[in-house]
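Engineer: Supplied in structure tokens, the structure appears directly below.
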Amino acid sequence: MTTRSANEWREFWATRGERELAELLGDLAPHATRVATLLGSRAPRSALAAELGRIKGTTPDHELARRIGDWFERA
């Protein structure tokens with residue numbers, strides 16, 4: 001994953017990040033900002049999985065966290 005400056009992060013988010021993350025999240029897209037905050041802070045995937053579980057009201061979603069993490073690392 002490339003480290004982005006604050007300006008680069010805002011540009012990425014505005015030009016494609018928000019849209020691509022929403023596609024990955026599907027029905028959870030209204031919570032994209034919560035997920036993006038974790039990604040931007042370089043939170044571990046376990047934290048992302050736990051947050052996705054809280055959003056869904058279930059156990060941590062490690063599979064979705066993996067897919068989102070892989071996407072973010074390639075972005």
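Engineer: Can you name the condition, by its number, that Glu20 falls short on among (1) surrounded by 15 or more Cβ atoms within 10 Å (Cβ to Cβ); (2) acidic (Asp, Glu); (3) without any contact (Cβ under 8 Å) to a residue 24 or more places away in the chain?
Structural biologist: (3)
Engineer: Take the residues of segment 39-55 that are modelled with pLDDT under 95 and part of a helix (DSSP H, G or I): which is nearest to the chain's Cα centre (by Cα)?
Structural biologist: If we take residues in segment 39-55 being modelled with pLDDT under 95 and part of a helix (DSSP H, G or I), then Leu39 is nearest to the chain's Cα centre (by Cα).
Engineer: May I ask you to say which residue of Thr15, Thr37, Thr3 is surrounded by fewer than 17 Cβ atoms within 10 Å (Cβ to Cβ) and farther than 19 Å from Asp70 by Cβ?
Structural biologist: Thr15
The values are calculated or read from the model by the stated rules, or taken from the named source; none is laboratory data. Source: prediction; values computed, not measured. Here the Cβ is made from the backbone with ideal geometry for all residues, glycine too, and neighbour counts use every protein chain on show.
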